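Visitor: Take this structure first; my questions come after.
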Amino acid sequence: AYFDEEDHSPERLAQAKAAIDTAVRLAPDDPDVIEMRGNYYYYGYRDYVRAAEQYQRLLRLRPNSADAHAQLGYLYRRQGHWGEALASLRKAAELDPRDGGHAQSIADTLQSLRRFDEAAEAWRHATELAAGDLFIASSVPLMAFYARGTTQEMEDWLKSQIPVAADETKLLYVRRGWARTRGDWAQAVAMDREHPYLDPWDDRHWTQHAKGSVDLV
């Protein structure tokens, strides 16, 4: 809540500190407590040095912890250590291959590195793990535009979509984003006027999008 600025208040951070201090006092060597202490430094203070110390400590106890490798990947990415980030995220995916969040994080990282063809393959894999998620699936044809400036793949994909009622908002959001991406400002403005409160994160329209993207972690 503090990191995502849902409640970016000193009181919220104080509650987190009280909780982690109690956990450390009761079970300082418990792997879950060590992980949460790392998260406290990461999400409470963006203190990547102390957070990394805890995740590394966790890996000494649980060398096959996919979560620890993933958290280190997110941390390295925020520090701009892209090679280390990608290696850690791939290790997490290797240890927990059915976790769609790891797959999306790898795809996001490759996309940020402008390795768009590799990112397209990674997004295809993420789509397989999150079957039916239009938002994730739309990233595959989008990579063709980023890589080569071609709009055909995305236009064909959008034409092929016949969403169920629960996905209508998500598809509208993708269409609006695509209009902005390709520079069709007239359509983007028209959609803004027609759907001024368009929000694909609204629980009335869909449940919970996987949280492995760069802007979230």
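The values are calculated or read from the model by the stated rules, or taken from the named source; none is laboratory data. Because the structure is a prediction, the values reported are computed rather than measured. Positions of Cβ are backbone-derived with ideal geometry, glycine not excepted, and every protein chain shown enters the neighbour counts. For the accessible areas, the whole protein counts, side chains as well, though only heavy atoms, and no ligand, DNA or RNA atoms are used. Shrake-Rupley method; radii C 1.70, N 1.55, O 1.52, S 1.80 Å.
Visitor: Hey, does the stretch 108-118 have a residue that's touching a Lys or Arg at 6+ places or on another chain (Cβ under 7 Å), at pLDDT 95 or above and closer than 30 Å to Ala1 by Cβ?
Guide: yes
Visitor: Only one residue in Leu86, Leu113 is under 30 Å from Glu153 (Cβ atoms) and within 15 Å of the chain's Cα centre (by Cα), so which one is that?
Guide: Of Leu86, Leu113, the one residue that is under 30 Å from Glu153 (Cβ atoms) and within 15 Å of the chain's Cα centre (by Cα) is Leu86.
Visitor: Hey, another quick one. Can we say Gly80 is among the small types (Gly, Ala, Ser) and on the phi < 0 side of the Ramachandran plot?
Guide: No.
Visitor: Suppose the filter is modelled with pLDDT of 95 or more and under 15 Å from the mean Cα position of the chain (by Cα); does Ala68 pass it?
Guide: no
Visitor: Where in the stretch 4-114 are the helices (runs of 4 or more DSSP H), entirely inside, with at least 1 residues that are among the hydroxyl-bearing types (Ser, Thr, Tyr) and surrounded by 14 or more Cβ atoms within 10 Å (Cβ to Cβ)?
Guide: Of the helices (runs of 4 or more DSSP H) lying wholly inside the stretch 4-114, those with at least 1 residues that are among the hydroxyl-bearing types (Ser, Thr, Tyr) and surrounded by 14 or more Cβ atoms within 10 Å (Cβ to Cβ) span 48-61, 66-79, 82-95, 100-112.
Visitor: Look through the stretch 19-55, keep the residues that are within 21 Å of Ser88 (Cβ to Cβ) and of a type in the set (S, T, N, Q), and return whichever of them is nearest to the chain's Cα centre (by Cα).
Guide: Asn39
Visitor: If the requirement is being open to solvent by less than 60 Å² (accessible area, probe 1.4 Å) and more than 20 Å from Ser65 (Cβ to Cβ), which of these qualifies: Leu158, Leu129?
Guide: Leu158
Visitor: Conditions first: (1) of a type in the set (A, V, I, L, M); (2) buried (at least 18 other Cβ atoms within 10 Å of the Cβ); (3) at pLDDT 95 or above; (4) farther than 30 Å from Val49 by Cα. Ala186 passes all but one, so which condition is the exception?
Guide: Of everything listed in (1) of a type in the set (A, V, I, L, M); (2) buried (at least 18 other Cβ atoms within 10 Å of the Cβ); (3) at pLDDT 95 or above; (4) farther than 30 Å from Val49 by Cα, Ala186 misses just condition (2).
Visitor: Can you pull out the residues in the stretch 3-45 that are touching a Leu at 6+ places or on another chain (Cβ under 6 Å) and small (Gly, Ala, Ser)?
Guide: Hit for the stretch 3-45 is Gly44, nothing else.
Visitor: Suppose we filter Thr127, Thr109 for residues that are free of Cβ contacts under 8 Å to residues at least 24 places away in the same chain and within 26 Å of Tyr74 (Cα to Cα); which single one remains?
Guide: Matching residue, one of Thr127, Thr109: Thr127.
Visitor: What about Thr181, is it without any contact (Cβ under 8 Å) to a residue 12 or more places away in the chain, closer than 17 Å to Gln111 by Cα and surrounded by fewer than 16 Cβ atoms within 10 Å (Cβ to Cβ)?
Guide: In short, no.
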